[in-house]
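J.: I'd like to ask some things about the structure below.
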């Protein structure tokens with residue numbers, strides 16, 4: 001809940017960014033960006049796959065900005081995931 005007592009509006013971009021943040025948390029990224037949290041690569045992969053599924057199911061129905069955000073999020077998350085799996 002926000003400081004004003006109203007729930008923030010959820011739109012497609014907010015939803016995708018929430019999923020991306022969740023994937024980052026599963027890959028050990030912390031909200032403060034300083035400490036490392038627990039890593040759960042299977043959950044990270046599942047969340048990245050959900051974003052990929054959303055991209056496929058919404059293809060042709062997104063604004064240019066929404067499409068760019070989904071593509072950028074997927075690229076960044078997949079690259080980070082690949083780098084983490086190479087370290088394991």
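J.: Just to be sure I understand the model, the point goes 7 Å from the Cα along the line to the Cβ. What's the resulting residue 43 to residue 59 distance in nm?
T.: In this crude spin-label approximation the distance works out to 3.1 nm.
J.: What area, in nm² and to one decimal, does the C-alpha convex hull of the chain cast on average over all directions? Spell out each step's value before the answer.
T.: Numbers: hull surface 27.7 nm².
The orientation-averaged projected area of the Cα hull of the chain comes to 6.9 nm².
J.: Ok, one more. Modelled label-to-label distance, residue 13 and residue 86, 7 Å Cα→beta-carbon offset: nm?
T.: The answer from the label model is 3.2 nm.
J.: Right, here's the next one. Report the FRET efficiency, 1/(1 + (r/R0)^6), for residue 34 and residue 78, where r is their Cβ-Cβ distance and R0 is 35 Å, rounded to 0.05.
T.: On the way: r = 24 Å, r/R0 = 0.68.
Computed FRET efficiency for residue 34 and residue 78: 0.90.
J.: While we're on this one: Helix-only mean residue ellipticity at 222 nm, the chain, DSSP H runs n ≥ 4 weighted -39,500 (n - 2.57), per residue, nearest 500. What is it? Could the numbers behind the result be given before it?
T.: On the way: 3 runs with 57 residues, N = 88.
The helix-only estimate for the chain comes to -22000 deg cm²/dmol at 222 nm.
Read the figures in this text as sums done on the coordinates, not as results from a lab. Keep in mind it's a predicted model, so treat the numbers as computed, not measured. Counting neighbours? That spans all protein chains shown, and the Cβs are built from the backbone with ideal geometry, glycine included.
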